[in-house]
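The values are calculated or read from the model by the stated rules, or taken from the named source; none is laboratory data. From a predicted model like this one, the values you see are computed outputs, not experimental measurements. Cβ sites come from the backbone with ideal geometry, for glycine too, and all protein chains shown count toward neighbours. Each accessible area value is taken on the protein alone, full model and side chains, heavy atoms only, with ligands, DNA and RNA left out. Shrake-Rupley method; radii C 1.70, N 1.55, O 1.52, S 1.80 Å.
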Amino acid sequence: MNNSIIIQIKNLKKDFPIGKGVFTALQNINISIKAGEFLGLIGPSGSGKTTLLNIIGSLDIRTEGEVTVLDKNVSTLSQIEAANLRSVYLGFIFQTYNLLPVYTVFENVELPLLLLKQPQAERKKAVEDALEWVGLEDKINSRPAQLSGGECQRVSIARAMVKKPKIVLADEPTANLDAENSHHILKTMESLNSELNTTFIFATHDEKVIQYLQRKISLVDGQVVNDEKVTNIPIGG
Amino acid sequence: MKLALKLAYRNLAGAPLRTFLNVFVLSLSFVMIIWNKGLLSGWDKQARRDTINWEIGGGQYWHENYDPYDPFTIEDSHTELSQAILNEEKLGYVTPILIAQATMYPQGRIQNVLLKGINPEQTILELPSSYLNIDIDEIPVCIGKRTAEANHLNVGDYFTIRWRDKNGTFDAAEAKIVHIFKTNVPAIDNGILWIPLETLRTMMQMPDEATLLVTSQEKESLGTFKGWIFKDHYYLLTAIREMIEMKSIGGSIFYLILLLLAMLAIFDTQVLSIFRRQKEIGTHIALGMTQKQVVGLFTVEGAMHSVLAAILGAVYGIPLLGLQAVKGWTMPVGTDDYGFTIADTIYPAYSLALVLGTTLLILITTTIVSYIPARRISKMKPTDAIRGKIQ
């Protein structure tokens with residue numbers, strides 16, 4: 001397993017304009033993340049977890065500091081370069097799944113591969129594999145409206161994992177799920193993390209998720225207040 | 001582009017009712033535009049063909065003083081035919097027509113008319129002049145159906161004609177209707193009495209003279225003749241062209257309204273889509289699309305309505321319009337009294353250029369209408385779009 005640093009954050013600051021003033025969502029953030037980590041940004045609502053996740057995912061830009069993802073300074077990337085970074089190396093899992101309602105499960109999972117212009121045969125194989133990882137082979141032709149919340153989130157994981165990204169960014173992935181579905185999904189992600197060495201970064205305040213994390217970075221009011229590695233994982237492991 | 005087409009197709013197929021309604025309205029525009037244009041094109045073609053066959057042949061030489069819109073010029077618009085013209089006449093490439101003003105008295109009424117002398121042997125025009133080749137004491141006259149109906153005249157009826165000859169002397173004679181012809185060209189019918197050319201020349205004391213010369217369609221212009229001005233098809237068909245253009249503008253207003261309704265539906269769908277599908281937009285960006293690509297995707301999605309509309313329009317439009325092209329469009333009774341060249345039944349003419357032009361027009365319009373609201377996507381914040389936050 002290659003445990004080199006893939007995300008490096010130095011002196012990160014993020015301000016949001018509010019009226020005539022600014023709201024500082026993140027400040028003085030310094031974090032290094034290695035490949036294959038299963039870590040969480042934890043903290044209460046408004047602590048800046050999602051903002052940090054968005055900046056790492058090149059969906060938002062920093063105000064000050066430097067964020068390097070896979071040796072790319074995301075602050076200086078053009079729109080096309082940022083899109084390319086997301087398309088090839090990053091997978092996203094959202095709290096509300098963000099599945100395309102008119103697409104079938106297969107089409108939803110296939111979408112990232114279409115953007116990568118993969119040949120049809122390869123796409124089909126990859127989608128089937130991804131759906132097998134999350135245990136949804138039998139729902140291949142269903143539409144999101146026909147699935148439960150847990151199933152939707154599993155489709156969302158399959159979509160994030162289908163291209164075998166280096167990093168998966170999951171924003172409150174279990175917030176809309178019951179305990180059973182949450183554990184099922186977290187186990188799935190945990191096994192993908194160990195099998196594919198994919199780095200998982202969660203933004204969460206859900207205890208169910210926190211139990212599975214190997215590293216917990218706690219944020220309060222936009223600042224890192226604690227960064228601890230968990231060696232003994234009681235439930236997930 | 002291929003990806004955008006594929007995704008756009010999936011999005012449209014995923015919302016079948018909405019797509020069908022938009023596509024149906026747009027397809028109506030397609031069919032109506034093609035029908036309207038085809039009808040005008042058919043009318044134009046028929047009117048040109050009839051005018052050429054019945055009135056103007058390959059073109060006309062006018063006496064230099066002749067102005068059909070100024071009756072005062074008729075008296076001075078005649079001259080003796082040169083040997084060169086006579087030679088062309090012998091070869092059948094030109095037929096002279098002499099025009100004179102006169103008054104007729106059908107059943108005691110007074111009616112101003114134009115006497116037009118034509119060689120009964122001519123074959124350049126479809127005018128049935130051969131009926132004038134008859135040996136009777138009266139002046140043989142051919143008239144059109146409109147003139148006959150307006151004056152209550154029938155074949156075999158007699159009436160008096162009064163005219164003033166070259167020297168200003170009034171004279172009169174009995175005339176007999178030998179034939180009533182039906183034509184779509186009112187210009188050779190309304191208020192015109194066709195009589196043998198030689199008879200009119202004798203009446204007017206204008207031997208070997210003519211007012212205008214009609215050339216055959218195979219020769220068109222025969223060169224320059226002194227004292228004569230050649231008028232080609234473009235000039236002689238100006239009235240028809242202008243009328244069709246005018247009708248075309250009128251028709252355009254009708255289908256522009258239809259097109260506007262269709263475009264409104266597309267625009268509305270696009271605005272609503274962008275408003276309601278913000279999460280989808282954000283997801284596309286998160287998955288690796290640039291905002292420009294998402295704008296392109298939504299534009300293609302909107303523009304694809306026009307492609308589907310063309311297909312749907314073809315499904316019901318081809319049989320419908322095809323049937324009408326065969327059966328024709330019957331004009332209401334009395335249309336031939338309007339004063340312009342129009343057949344009883346118009347057969348629409350649908351050309352490939354018309355179909356392709358209409359398709360292109362609708363495709364371009366739909367693309368523009370789809371693009372305008374989609375531009376908004378490029379100003380969206382991806383992080384807000386992912387959460388579906390209204391921007």
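Just a few scattered comments:
- Selection count, region B:97-119, where residues are in contact (Cβ under 8 Å) with a residue 60 or more places away in the chain and among the basic types (Lys, Arg): 1
- Flag for B:ASN167 being open to solvent by 70 Å² or more (accessible area, probe 1.4 Å), at negative phi and under 28 Å from the mean Cα position of the chain (by Cα): no
- Members of region B:370-391 found to be open to solvent by 60 Å² or more (accessible area, probe 1.4 Å) and not in a helix (DSSP H, G or I), listed by number: B:LYS381, B:ARG387, B:LYS389, B:ILE390, B:GLN391
- Scan region A:157-188 for residues that are free of Cβ contacts under 8 Å to residues at least 60 places away in the same chain, assigned to a helix (DSSP H, G or I) and aliphatic (A, V, I, L, M) and the total you get is 4.
- Filter result for the condition that a residue is within 14 Å of chain A (Cβ to nearest Cβ), farther than 29 Å from B:GLY288 by Cβ and either surrounded by fewer than 19 Cβ atoms within 10 Å (Cβ to Cβ) or not hydroxyl-bearing (Ser, Thr, Tyr) (or both), over B:LEU17, B:LEU26, B:LEU7, B:LEU39: B:LEU17
- Residue pairs meeting the criteria (Cβ under 6 Å; at least 6 apart or on separate chains; first within 7 Å of chain A (Cβ to nearest Cβ), in region B:283-302; second buried (at least 24 other Cβ atoms within 10 Å of the Cβ) and part of a loop (DSSP other than H, G, I, E, B)): B:THR283/A:ASN98
- Residues of region A:189-211 satisfying the condition of being under 17 Å from A:GLY43 (Cβ atoms) and in a loop (DSSP other than H, G, I, E, B): A:HIS205, A:ASP206, A:GLN211
- Count - residues of region A:16-40 that are open to solvent by less than 30 Å² (accessible area, probe 1.4 Å) and part of a strand (DSSP E or B): 8
- Residue that is surrounded by the fewest Cβ atoms within 10 Å (Cβ to Cβ) [pool: residues in region B:184-215 that are touching a helix residue (DSSP H, G or I) at 6+ places or on another chain (Cβ under 9 Å) and among the polar types (S, T, N, Q)]: B:ASN190
- For region A:54-68, residues that are open to solvent by less than 10 Å² (accessible area, probe 1.4 Å) and within 14 Å of chain B (Cβ to nearest Cβ) total 3.
- Test: residue in region A:199-213 that is modelled with pLDDT under 90, more than 12 Å from the chain's Cα centre (by Cα) and within 14 Å of chain B (Cβ to nearest Cβ): no
- Qualifying residue in region A:69-83 (condition: assigned to a strand (DSSP E or B) and open to solvent by 70 Å² or more (accessible area, probe 1.4 Å)): yes
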